[in-house]
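Novice: Here it is, the structure, as structure tokens.
The values are calculated or read from the model by the stated rules, or taken from the named source; none is laboratory data. Remember, it's a predicted structure, so these values are computed and weren't measured experimentally. Cβ coordinates were reconstructed from backbone atoms using ideal geometry, including for glycine residues, and neighbour counts include every protein chain displayed. Surface accessibility is based on the protein's heavy atoms, side chains included, excluding ligands, DNA and RNA. Shrake-Rupley method; radii C 1.70, N 1.55, O 1.52, S 1.80 Å.
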Amino acid sequence: KSTVAASIAWNLAQKGFMVGILDVDICGPSIPKMLGVSGMTVQQSSFGWEPVMATSNLCVMSIGFLLNHPDDAVIWRGPRKDALIRQFLSQVNWGALDYLIIDTPPGTSDEHISTAQYLAQTRIEGAVIVTTPQDVSLSDVRKEITFCRKVGIPILGVIENMKGLTVPMPMAVGDKEEHQEGEHAAAAVGAHRGDNAALKGTIKMKSSIQIIDMNTNEDLTEVAIEVLKRAFPTRRLGFH
């Protein structure tokens, strides 16, 4: 989810919009690292907390900027999380934003409830549901759909991350056709909304695979591929 949130925020900023991204994953903040602003600190001004600027039109706020060390664990109960999220939304000098992207942790926890409550009086455009191609992820997605329905947040669509494995070899792409979880999640959203929700996109994993001689460190990838092709001339080979 953080990868998708950071990508959306970055792309909107690249189009010239004023964008803010708020990391409310209190116990596992990752947005600062993803946007290349780890180690930065939040400054206080007469207007409140000043968010960290990733670019001239992309500002970031995260508890990661408030920790003494990036590996420090945040061991907080609900009320402390709630108070910090309230501060993030009411005491940060966001300025005039076109978009505020909020990256939430997995599940339907205190962070989700607090965010939905404090933004209840605003016009929330909607939530983007992020899934991965496993049945257990789809189960979590259904809970997110139920949460959004209960708190009145529109669902904009579904993005399936880590879709298959793209191998840079002259062979088949390791993207199993039976992986339809993203489509199933989109269908579940459509059932909730009363329409046919589209799967907005899939983000494939890529990997560079080499076959080497462990004694000489010689790259044998192309040789191995040719051997496999000759051994199985009528087969369509792929990596999964």
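Novice: Apply 1/(1 + (r/R0)^6) to the Cβ-Cβ distance of residue 224 and residue 75, taking R0 = 35 Å, and write down the FRET efficiency to the nearest 0.05.
Specialist: Efficiency for this residue pair is about 0.10.
Novice: When ranked by the protection proxy of mean other Cβ atoms within 10 Å per residue, highest first, what sequence do the peptides 48-54, 155-161, 67-73 form? It would help to have the intermediate numbers written out before the result.
Specialist: Details: 48-54: 18.4, 155-161: 21.1, 67-73: 9.1.
Answer by packing, highest mean first, reads 155-161, 48-54, 67-73.
Novice: While we're looking at this one, here's another question. Checking the a/c ratio against 1.5 first, then a/b against b/c, what shape does the Cα gyration tensor give for region 93-156? Walk me through the intermediate numbers first.
Specialist: Values: a/c = 2.11, a/b = 1.76, b/c = 1.19.
Taking the square roots of the gyration eigenvalues as a ≥ b ≥ c, region 93-156 is prolate.
Novice: If you take the beta carbon distance between residue 156 and residue 216 as r and set R0 to 51 Å, what does 1/(1 + (r/R0)^6) give as a FRET efficiency, to the nearest 0.05?
Specialist: Efficiency at R0 = 51 Å is approximately 0.45.
Novice: Per the 1.4 Å probe, what fraction of the accessible area of region 31-125, in percent, lies on carbon and sulfur atoms?
Specialist: The computed percentage sits at 50.
Novice: OK, next. Along region 125-135, what does the Karplus equation 6.51 cos²θ - 1.76 cosθ + 1.60 (θ = phi - 60°) give for ³J(HN,Hα), rounded to whole Hz, x for Gly and Pro?
Specialist: Result, rounded to whole Hz: 5, x, 10, 9, 8, 10, 10, 10, x, 9, 4.
Novice: Here is a further query. Which entries of 81/143; 1/81; 33/81; 81/150; 15/150 have Cα-Cα distances beyond 31 Å here? Intermediate values should be presented prior to the final figure.
Specialist: On the way: 81/143 21 Å; 1/81 19 Å; 33/81 21 Å; 81/150 21 Å; 15/150 33 Å.
Distance filter (> 31 Å) returns 15/150.
Novice: Please give the per residue accessible area of region 71-162, computed with a probe of 1.4 Å over protein heavy atoms only, in Å².
Specialist: With the other protein chains kept in place, region 71-162 gives 56 Å² per residue.
Novice: Which log10 I(q)/I(0) values, to two decimals, does region 58-174 give at q = 0.16, 0.21 Å⁻¹ under the Debye formula with one point per Cα?
Specialist: Cα-only, vacuum Debye calculation for region 58-174: -0.94, -1.32.
Novice: From the backbone phi of region 213-218, what are the Karplus-calculated ³J(HN,Hα) couplings (6.51 cos²θ - 1.76 cosθ + 1.60, θ = phi - 60°) in whole Hz, Gly and Pro given as x?
Specialist: In residue order, the calculated couplings are 7, 5, 8, 10, 6, 6 Hz.
Novice: To continue, here is another question. Quick check for you: with a 1.4 Å probe and neighbouring chains kept, what is the accessible area per residue of region 1-68, in Å²?
Specialist: Working: 3230 Å² over 68 residues.
Accessible area per residue, region 1-68: 48 Å².
Novice: May I ask you to evaluate 6.51 cos²θ - 1.76 cosθ + 1.60, the Karplus curve with θ = phi - 60°, for each residue of region 53-58 and list the ³J(HN,Hα) values in order in whole Hz, giving x for glycine and proline?
Specialist: Couplings: 8, 6, 9, 5, 10, 9 Hz.
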